[in-house]
1. Hydropathy at least -1.0 by Kyte-Doolittle, axial extent at least 20 angstrom from the Cα trace: which helices of the chain, defined as entire DSSP H runs, fit?
2. Once phi is turned into θ = phi - 60°, what whole-Hz ³J(HN,Hα) does the Karplus curve with 6.51, -1.76 and 1.60 give for every residue of region 120-127, x standing for Gly and Pro?
3. Please find the FRET efficiency linking Leu13 to Glu110, where r is the Cβ-Cβ separation and R0 is fixed at 30 Å, and quote it to the nearest 0.05.
4. Of the candidates Gly84, Gly30, Gly56, which one comes out as most mobile in a Gaussian network treatment of the chain with C-alpha springs shorter than 10 Å?
5. Given the options Ala100, Ala70, Ala135, which has the most mean-square fluctuation in a GNM of the chain, springs set between C-alpha atoms less than 10 angstrom apart?
6. Given points 7 Å out from each Cα along the Cα-Cβ axis, report the Asp67 to Ser122 separation in nanometres with one decimal.
7. Express in nm, to one decimal, how much length is gained between Arg85 and Thr41 on full extension, taking 0.36 nm for each residue of separation and deducting their alpha carbon distance.
8. Can you put Leu13, Leu81, Leu60 in order of Cβ neighbours within 10 angstrom, beginning with the fewest?
Amino acid sequence: MARIYRSTALGRLRDRIITSLLRKGVGPPGLYLLTVPGRKTGIPRTTPVAPHEDGGTRWLVAPYGPDGWARNARAAGRVTLTRGRTVESFTVVELGPEEAAPVLKRYLAEHPRTVGPYFDVSADADLKDFAAEAARHPVFLLRTV
């Protein structure tokens, strides 16, 4: 059931409510609105995301697989994170499996209930298992523009 929640009417309604709150600068802590131009149309697409931060470095993790935003970010090479009136622009660099593995491991450890069902490894698995998982969960390093 958890694997299809995001694509259900309830999941889309949840995303619309969170998007509305984040546009006003309120909502769950750690969430931002990601805006990236569509890879085919160039039309800006916006979705709520939870960037992962550790030691001043920020990453975007695609916990549900290579969703549209991940494919768009890969193609555009740039994204914008917004929360209320705060807007930050970044270039993105997709990490290779070995670089992505420790980020994925920390991300899963921080969000086991919400994203755990989408991973084929447990939070205590070896880094080599997370490196294999990296193809299913792209990780992007955010660099301030």
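1. On the way: long enough: 9-23 (21 Å, 0.17).
Span-like helices in the chain: 9-23.
2. Result, rounded to whole Hz: 8, 10, 9, 4, 9, 5, 5, 4.
3. On the way: r = 25 Å, r/R0 = 0.83.
Step by step, r from the Cβ atoms, then E = 0.75.
4. Ranking Gly84, Gly30, Gly56 by mean-square fluctuation puts Gly56 first.
5. Checking each option, the largest mean-square fluctuation is seen for Ala135.
6. For Asp67 paired with Ser122, the spin-label model returns 2.7 nm.
7. Numbers: separation 44, 0.36 × 44 = 15.84 nm, distance 2.61 nm.
Fully extending the segment from Arg85 to Thr41 adds 13.2 nm.
8. Listing Leu13, Leu81, Leu60 from fewest to most nearby Cβ atoms yields Leu13, Leu81, Leu60.
Every number in this text was worked out from the coordinates using simple rules, so none of it is lab data. None of these values were measured; they are calculated from a predicted model. We place every Cβ from the backbone using ideal geometry, glycine too, and count neighbours over all the protein chains shown.
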